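A short worksheet on the structure shown next.
The values are calculated or read from the model by the stated rules, or taken from the named source; none is laboratory data. This one's a predicted model, so the numbers in the text were calculated from it and none came from an experiment. Neighbour counts are summed over all protein chains in view; Cβ atoms, including those assigned to glycine, are modelled from backbone coordinates with ideal geometry. These accessible areas exclude ligands, DNA and RNA; they are computed on the full protein's heavy atoms, side chains included. Shrake-Rupley method; radii C 1.70, N 1.55, O 1.52, S 1.80 Å.
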Amino acid sequence: MNERSPLLTYRLSSISTEESHGDGPKSRKPAPKKLSTFLGVVVPTLLAMFSVVVFLRVGFVVGQSGLYETVGMLVLAYAIISMTVLSVCAISTNGALDAGGAYYMISRALGPEFGGSIGIMFFLANVCGSALYILGLVEAIVDMFGILSSESIKNGLHVLPRSYWYELLYGTVLLFICLVVCLVGASIYAKATFLIFIVVMVVLISVFISFFAVTERIIPLFTVGNNSSFINGTFTGFKLSTLKNNLNPGYTTDYTTGRMMSFTTVFAIMFNGCTGIMAGSNMSGDLKNPSYSIPRGTITAVIFTYIIYNLLALMISCTCDRNLLLYNYGFLRDINIWHPFVTIGIYCSTLSASMSNLIGASRILYALAKDDLFGILLSPAKKTSRGGNPWVSVIISWFLVQMVLFAGKLNTIAAIVTIFFLLVYAAVGLACLALEWASAPNFRPTFRYFTWYTCILGILGCVIMMFLIQPIYASASIAFMLVLLLCLHYVAPSHGWGFISQALIFHQVRKYLLMLDVRKDHVKFWRPQVLLLVSNPHSHKSLITFTNDLKKSGLFVLGHVSLDELDALPSDPLQTQSDSWLELVDELNIKAFANLTLSDSVRHGAQQLLFISGLGGMRPNTVVLGFFTRSSPEELLKSEQELNKDVSNSFIFSSAGFKTSRENFSAWEYVAIISDSIKMSKNVVLARYFSEFDRSQVCSIRGKETYIDVWPLNLLRPDSTAYVDTCSLFLLQMACVLNMVRSWKKAKLRLYLCVEAESGLRGQEVKLKQLLKDLRIKASIQTVVWDSVVALHWHKQVAGDSEASEEAYMNFPNNSIRINDDYLYAVNQMILSQNVTSPPAVRFLYLPRPPADTAVYNRFLHHLETITRNLGPTLLIHGITAVTSTEL
């Protein structure tokens, strides 16, 4: 037995993995250097959130939307990402994190299907994000060094040709630089980003100083159109009139793309400055302590960038006129105390953000490949360098970013990137919400500043903004994610991560089971809840599948008794058998539970199953048994004492995956189980000849009528002519239930009315038709005159005077024990003679209550065996529950 805890197993497996590469220190791979909170989370997140927006788009946002709407956009954007950050912090502090960042969190919380689909979406978001920042950097370089449209030759700094293909070439070169850095590894990336961080901070300081130090100046601008014309923009310094002019929105066309701007399109561009919150989480596999670093580093970066964006928006509104903001993305360079400062900041921040997204994409792809969710398709991405850097994943990510660069313009892909990131953020919130709602005891994050409603707000905010930004892209991305989810559901291998769906289902089922009050049950809503007692499951497959139809969306439990003594065993053998039973359920494609028990006898085991099966209001109300057929009719007539001595009654069954057991199971014990079930207020169904039953053949034959025959009269008590007692009505209901199942809908019910010629055939048939009409049961009535058959019963009654007959009746109140074999054989032949040309698929017969005297159990079973001999698939049913209703 392995009694190690999962944590201990994890630690030991980690140690063994590290030591399995050799016998000494020389043979081990050098452990990659891990990153601190500041270098691994704060710096990458800050640079990713500043990126191209802080230097190239803050002025554009203010110019289009005005200060009021800009502040509103910032509040909205940061409210959305703050809800997501709280969820990220909660999940990241709930256990050890590995490589993959948000993908790792989502997949381990929601399962492989949801995690894999969101992982692909997050991977694509990072790929598009990397391309977005490269395009922003190319835009800045071309604005600074590109040949102006009014010039045909090089002039001063304007030496770079400007065209779509030249700009693609510049982007390719810049992306190659990012590739080289990412191929070296996380360590050099962290050092490079730290240097870039220092540069960006210096540039930001110079920008804020410039608002105060630079005097009013006019900056030449131009518009691009059929007739190019020059206009001017003005840096006014701090003026109230400038602030008033910049307060309200003034949406116009974007001078680079010619598209008309609106709140949603501007928000999409601005929101890209907030999508870097996962930059630190993406490095989870390279951090010293991810659970400690991710929440602290991410929150620090979010607060800092929010303050900087608001301060920049306010100062820009106070100092720059509308033309300058609308037609010059790089105006911060023109108003800086030293122009190259901002240029350097733009280049560094965008290059860093592109590297951050590229390395993040590679880590996500590597995590997906390690989890084998896509099989051989991503297997090359598992390869790593000696230092642990997934270089193949980096190259694949680089190639895809290069493909996205063909889009050409930053604003073209801004909406796509934003929607992808919003979808991932919504998934992170959903993962946290599911864990919180599941109330799983092991969901104990050390970060507690979140609640289920912060998760909901984050999810709603992300989804609403997705559709506000671009409904078509949002719908397409969700559809693509659902396709991935379905594909993974069917092709992905099983993983032992745990499924949040199981925890949620448990939580809801427990709640609804408590609400399912048996005291409020009503006959109108009765349905069969079946316990099928099975010995050898493989030899009873036909009966199992048929019972699955008979349950009609009710509870279905497969019960099995294993004969053994727990005292003589080292452990419970049923635990190893449970998986085999569940595999059987999957193989037969039925909706059933398996309930196993260990007992010294089959009868005691059956009693245990009857007592313990189900929970609350979900308990079996009907017991189904296969028919007792191991003994010949002559053996059934032996005394119980003789049967107990007969060792030939023992038999062995064995199946793959199921425990082999030996049973001493007698006919007497079989009838005792029937009696016990009735005493426990369970309806009883005995199934005979179902080894001959082929459900697929019965339900698939076309052009041939399928029949279900019902004999509601107690044929073992011919002196009773009641067709409307509880048992008869239960018989009708079960036949009707079977007829309601989709595969049995075309079958026709035939109800057999056994009457004597002198009893008035017409009157009984009319009454039965009215009963069927009241019960809304569609069935044809077949009248059977059985005078010659029933005469055998009256002619050969138990001999003796009236006192002896009275004594016999008192001992056997159901009067069935006095029935002779000639009568039983005649009844059997009568049933067989009906509709010989169109035999039924299954017959329903009335099962009388077992006799009170246990000494005659064997004779009772002999009667049942005789009357059902050679009838084909037959159900003997005894119902004790009122199950029909004529009320609305």
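Brief remarks follow.
- Relative to the current alpha-carbon distance between residue 262 and residue 173, full extension at 0.36 nm per residue lengthens the span by 28.7 nm.
- In terms of its Cα atoms, the range 541-632 spans 41, 36, 28 Å along the principal axes, sorted from long to short.
- By a 1.4 Å probe calculation restricted to protein chains, residue 198 has an accessible surface near 80 Å², given to the nearest 10.
- Karplus-derived HN-Hα couplings along the range 736-743 (A = 6.51, B = -1.76, C = 1.60, θ = phi - 60°), whole Hz, x at Gly and Pro: 5, 4, 4, 5, 7, 5, 3, 6
- Fully extending the segment from residue 566 to residue 775 would add 70.3 nm, taking 0.36 nm per residue of separation and subtracting the current Cα-Cα distance.
- Cα centroid separation - the range 418-462 against the range 582-601, whole Å: 37
- Computed with a 1.4 Å probe over protein heavy atoms only, the accessible area of residue 164 comes to about 100 Å².
- For peptides 775-783, 103-111, sequence by mean Cβ density within 10 Å, most packed first: 103-111, 775-783
- Solvent-accessible area per residue for the range 339-417 (1.4 angstrom probe, square angstrom): 34
- Surface exposure of the range 515-563, expressed per residue as accessible area with a 1.4 Å probe, stands at 42 Å².
- Cα-based Rg of the range 480-599 normalised by 2.2 N^0.38 Å, two decimals: 1.34
- Here is the result for the range 57-91: no chymotrypsin sites (Phe, Trp or Tyr not before Pro) lie in DSSP coil with at most 16 other C-beta atoms within 10 angstrom of their C-beta.
- For the residue pairs 591/682; 704/773; 746/767; 370/591, alpha carbon separations beyond 24 Å are given by 704/773; 746/767; 370/591.
- Computed from phi, the 3J(HN,Hα) profile of the range 209-220 under the Karplus parametrisation 6.51, -1.76, 1.60 (θ = phi - 60°) reads 5, 5, 4, 9, 8, 7, 8, 4, 8, 9, 10, x Hz, with x in place of Gly and Pro.
- Under 5 Å, built H, 5+ apart or other chain: amide partners of residue 320: 236
- Residues in the range 670-682 carry Karplus couplings, in order, of 4, 5, 4, 5, 4, 4, 4, 4, 5, 4, 8, 6, 10 Hz; the curve used is 6.51 cos²θ - 1.76 cosθ + 1.60 with θ = phi - 60°, and Gly or Pro positions show x.
- For the range 345-402: Kirkwood Rh in Å [reciprocal of mean 1/r, alpha carbons]: 11.9
- Near the amide H of residue 219, within less than 5 Å, lie the amide hydrogens of 233, 234, 235, all on another chain or at least 5 residues away, with H placed in the peptide plane.
- Across 448, 322, the residue with the most accessible area heads the list, and the full order at a 1.4 Å probe is 448, 322.
- Residue order for 386, 688, 162 - accessible surface, 1.4 angstrom probe, largest first: 386, 162, 688
- Only protein heavy atoms count here; under a 1.4 Å probe, residue 338 has an accessible surface of about 130 Å².
- Close amide H partners of residue 287, meaning residues 5 or more places away or on another chain with modelled amide H under 5 Å apart, are 35.
- When 604, 560 are compared by accessible area at a 1.4 angstrom probe, the order from most to least is 604, 560.
- Inter-label distance for residue 589 and residue 490, nm, one decimal - labels placed 7 Å from Cα along Cα-to-Cβ: 1.3
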